Structure formats: C-alpha cells, structure tokens
Amino acid sequence: MSNDIQSTNFWWVNQGQTYADELRLGVLWAPIATSEGRRFGHWDALDEASIGDLVFHYANGYLRAISVVQLSSRPAKTPFDNRPWDDAGREVRTTYFELDVPIPLASIPESVRLAKSYAGSPFDRNGDVKQGYFFGLSGRDGMELLEHLGLDDVSTDVTGSDSATVDVRLLGDGPTDATRIRKIRLEQRAIRLLLLKGSLQSECAICGETYPSNLLAAAHIKPRYACSESERRDLAVIMAACLFGCDALYEGGLIHVDSMGLVQQTRGSTTTAPVSSRIGAIAGRQVSAYSQKSAKYFAWHRTHVAGVK
Ligand SMILES: [Zn+2]
C-alpha cells in the first residue's frame, strides 16, 4: 500500500492567525473574492484539492501540521469573525495531524526552498514563503519536503484481516525531538475515506446504507476539540457517517446514540418536516460503530452535544 502516496497531490497552506480556528474545525477555508471582487489563484487553488491529498500547514514561521484531505471543496461561509474579506467562500475538510514539535521554516535548507521557487509554488526567489493562502507542490517536491522535515516515510500498511487497521506513519530518525517518531493509527474505514481517493464504498455507521466514500465523512463520535491527545489517536473515536444527513444530524446533536447503541431523536430540537422524516427513518437503528470502546465517546456526545440528562 506504500505506493498510494505517489498518486497523492501535495499542497502548502499559509494559515497565520486562522490556523487555530481551521485546526479546531478541521477545515481549510478561502474566500471567493475580495470585497472589491478580486479573485486570487492561491484562493481558487483550494478547489483543486481532492480526497487523499496531503497538505503542509504553515503558520507564523513554523510548519505545524500535516493533513489528509477528507472532502473536496464545497461552498461555505467564512468560519472566522472580523476578517477583512467577503463571507462567501469554499471549504475543504481535512484531517489534521499536528506535529509534536512545530518545525521552523529555517530548518528547511535555503537551497531546497530556492529549488522550489517557481510560478505557483509556495516559495519566492529568496526562499521565503510567498504571500498567499494555498499552493500546489509537485509530487517530487512534496516527497523531498517530507524528507527534509524528517517525515520521509509516509506510508499506509494494511494489517490483519477481520478488524484490519491501517497505520499512517510519519517517521523521523533525526537527532532532535522535532523528528521524533509519530505514529498515527486510524480505523480502516476512515483511512479508506482519507487515502483511497473515493474509489471504495462503505456503510454509514448510523443509517447503515452503503455510499461511495466521497459521500461519507470520517466523523468524530466525540468532537475532536474535546478529545484528549490519546483519545484523538483512538480508532474507536471515528466512524463513517454519510453526508445524506447522518453526519450533520449527529454533529448538530439532533440525534444521539443511547446506552444500548440505538439511534434516538433528541427531544426539543427544532426541526422541519423533512428532517423529522429522515430522523424517523433511522431512529431505533443499531449503530454499527457502537462498541465497548466507543460507548464512552457516544456518552460524551449524548450529554454535552445533545444535552440528554
Ligand atoms: Zn447515513
């Protein structure tokens, strides 16, 4: 499976002040145009990102995270307050893997940055990071950058059969803690969504219907922002939820999963007839992602998101 990485596109994003918000939301967001109607290639480029692509996240002098695109661009209003641009934009959903130690840009040799200065690249003729948001990198440059960051072995390995898991390894073997080994295990269903470019289908954990993976989200059972570091690495915290309602209904707390693992409508949630009808169709279903391991995550969601006492 290690070859998958070679068909992956690489991107570089400059996030500055918006890094924290975008990280928390698991998104990348860019406006369509300035308030004067001006468009920029480094904003439009976000529409080119596709499922499974790898993104380098840079903010305030440091490379801070790598992410894997989960859902390609779709129209979305700005998630930020008080920003000097138009509300209308697009977002890409992406799964962030924060580096244990942020890596200073200066640790990437100037020669490497200079070699990667070309039209559309993230670096200028001085080897500095260009002004702008989202930039493409060639496959070779992406791999080279990973190498220089001590993250050169990014691979996926399928192990086991029944309860197969996939490892995404970002391995480093340098002398500093900036390159300490980081290993992330993800549930196979989630990693399929993330890495296999929508070529496979999967079952929605909530409604049980089968959808192509580009119509499924790798949803956090307990919201990622509320997870501890070890919970974030727990396979059981992720489930595949379809975009035909289950993902949004669950995330918004309109439905929750009871202590028997059954879908329940959250009482008192404001809704309309089509939503009620959709919830009616799934209420009482046994959720396939419910297990001894995931029960505590569903319980957290039930109490804190759905407000069930
Ligand atoms: Zn569903």
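No value in this document is a laboratory result; all are computed from the given coordinates. What you see is a predicted model; the values in this text were computed from it and never measured. FYI the Cβ positions are ideal-geometry reconstructions off the backbone, even for glycines, and counts take in every protein chain you see.
So for each of 215-224, 249-258, 69-78, 33-42 I average, over its residues, the number of other beta carbons within 10 Å; can you give me the resulting order with the highest mean first?
215-224, 249-258, 69-78, 33-42
If you rank LYS293, LYS309 by fewest surrounding Cβ atoms within 10 Å, what's the result?
LYS309, LYS293
Just to check I understand the Karplus step: with θ = phi - 60° and J = 6.51 cos²θ - 1.76 cosθ + 1.60, what whole-Hz values come out for segment 292-309, glycine and proline as x?
Coupling constants for segment 292-309: 4, 6, 8, 3, 5, 6, 5, 5, 4, 4, 4, 6, 8, 9, 7, x, 7, 8 Hz.
If the convex hull of the alpha-carbon atoms of segment 200-309 is projected onto planes in all directions, what is the mean projected area in square nanometres?
Spelled out: convex hull of the Cα atoms, projected over all directions, averaged, 6.7 nm².
Amide H to amide H, which residues 5 or more places from ALA240 or on other chains are under 5 Å from it, using H placed in the peptide plane?
For ALA240, the qualifying residues are ALA205, ALA219.
Could you run the Karplus curve 6.51 cos²θ - 1.76 cosθ + 1.60 with θ = phi - 60° over segment 38-53 and give me ³J(HN,Hα) per residue in whole Hz, x for Gly and Pro?
Working through the residues one at a time gives 7, 10, 10, x, 6, 8, 4, 4, 4, 5, 8, 5, 10, 4, x, 5 Hz.
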